[in-house]
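The values are calculated or read from the model by the stated rules, or taken from the named source; none is laboratory data. What you see is a predicted model, and the numbers here were worked out from it, not measured in a lab. Note: ideal-geometry Cβ built from the backbone for every residue, glycine included; neighbour counts use all protein chains shown. Only protein heavy atoms, including side chains, enter the accessible area calculation; ligands, DNA and RNA are left aside. Shrake-Rupley method; radii C 1.70, N 1.55, O 1.52, S 1.80 Å.
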Amino acid sequence: MGAEAGTEEIPLARPVLGEEEERAILEVLRSGQLSLGPRVPAFEQAFAARLGAAHASAVSSGTAGLHLALRAVGVSDGDEVVTSPFSFVASANAAVFERARPVFADIDPVTLNLDPSAAAAAVTDRTTAILPVHIFGYPADLPAFERLGLPIVEDACEALGAVHADGVAVGARGNPAVFGFYANKQLTTGEGGMVTLGDAALKERIDSERNQGRAPDMGWLDHDRLGFNYRLSDLACAIGLAQLERLDGLLAARARVAARYAEALAGIEGLGLPCPDTGGDVRGWFVYVVQVPHGHDRDDVLRALREHGIQSKPYLPAIHLMSFYRETFGHREGEFPVCEDVAARSVALPFFPEMTDGQVERVAQGLARVLGQG
Ligand SMILES: Cc1ncc(COP(=O)(O)O)c(C=O)c1O
């Protein structure tokens, strides 16, 4: 319960799951084949077809997918991977897993995605990959990154449903692109992920490395390369197939809630809103993140929202300023000023497909009041 009598706390996120998912789970349970079964390729093929990608490999999480995708494009010990400091920590961690160095470059102040010219300036002769992130579901400027001529891995964990200005779906350009299916995502399998790819040989490598390094035609006991257990179960893939069936509705509902927010928050002076779609790019709505006006303490805003019965989160913190990154790589404040300013003011508001207009209104009024404008 919030402080306002009789009002339910508004959660940050809530998945939409129904009878289709229940039926799909029961079918798998009754089949007795809970892993390494037919739902895995079925989910991969349906997902790839939905995006227009040539191939897809299901994995146990977005993080696992990023790790395998970076290995697949050849990132290894001592390499550098140019990426965004304004992301979920897993995109940078995936490079560290391979003892490569994530080299950060600042973000575009409008889209909040990695700035292509800053990324270009960060490239050295040790750079083996660029890892742009489609942050908050807004398409990163892939044509600009592709002009750099280096292997690319796309972090599309937040960007299911997004489309580039040239009409190609995010994840269908042929670069390995990684999606995440955690419970707050556009499509969820509880935990899970998918790597979409244009190259059959890379899919074969990822399929092997997610399964302990086993070659497709080998028995259990022979492993011809180092691998991991990054498999996605048939139970998870069955949920994923059911969620894919309802994906159009889920994406449309998220876009509707975002449009309501844009109207309801438009009058708050100094508040930074998610950028509208421009130049033909289409956002795949994942979260609704605003930046509090300069001069307000973001953490005070979070506390005050809680007192109004509104869940919110400081999303996202700058990766380079996290303790591990400061201590391991010597990062300090001031290196990426756009990212640091945005990260220090960011607040994720409640956002989920079944959010009502009334709930959006309550959040907007609560935020206005907290900022002294209500
Ligand atoms: C941008 C980004 N990258 C990577 C991940 C990691 O995905 P997962 O939680 O499925 O490992 C997430 C998920 O939260 C994300 O938002």
Solvent-accessible area, 1.4 Å probe, carbon plus sulfur percent, for segment 53-112: 55 percent
Just name one of V287, L68, T111: the one whose Cα is farthest towards the positive end of the charge dipole of the chain (beta-carbon charges, Lys/Arg +1, Asp/Glu -1). L68
Fraction of antiparallel bridges per DSSP, the chain only, in percent to nearest 5: 60 percent
With an 8 Å cut-off on Cα pairs and a minimum separation of 6 or more residues, tell me the relative contact order of segment 248-315 in percent. 28 percent
Which residue, chosen from S31, A58, A120, occupies the Cα position most advanced towards the positive end of the dipole of the chain, where the dipole is computed from +1 (Lys, Arg) and -1 (Asp, Glu) charges on Cβ about the Cα centre? S31
Quick one: helix 247-265 against the long Cα principal axis of the chain, what's the angle to the nearest 10°, folded into 0 to 90? 30 degrees
With the other protein chains left in place, how much accessible area per residue, in square angstrom, belongs to the chain at a 1.4 angstrom probe? 41 Å²
Most packed first (mean Cβ within 10 Å per residue), the peptides 102-108, 92-98 order as 102-108, 92-98
Ranked by how many other beta carbons lie within 10 Å on average, peptides 223-235, 175-187 from highest: 175-187, 223-235
Estimated 222 nm signal from helices in the chain, with DSSP H stretches of n ≥ 4 weighted -39500 (n - 2.57), rounded to 500: -11000 deg cm²/dmol
How big is D for the chain, in µm² s⁻¹ as a whole number, if Stokes-Einstein is applied with the Kirkwood radius of its Cα pairs at 10 °C and 1.306 mPa s? 74 µm²/s
Size of the dipole of segment 218-267 about the Cα centre, Lys and Arg at +1 and Asp and Glu at -1 on the beta carbon, nothing else charged, in debye to 20? 280 debye
Have a look at S84, L226, F145 and report the one farthest towards the positive end of the charge dipole of the chain, computed about the Cα centre with Cβ charges (Lys/Arg +1, Asp/Glu -1). L226
At a 1.4 Å probe radius, carbon and sulfur cover how many percent of the accessible area of segment 304-374? 51 percent
Compute the separation of the alpha-carbon centres of segment 26-44 and segment 265-309 and state it in Å as a whole number. 41 Å
Assigned charges on the beta-carbon of Lys, Arg, Asp, Glu; the chain dipole about Cα centre (debye): 360 debye
For segment 192-200, 3J(HN,Hα) per residue [Karplus equation, 6.51 cos²θ - 1.76 cosθ + 1.60, θ = phi - 60°, Hz, x = Gly/Pro]: x, x, 8, 10, 9, 8, x, 10, 4
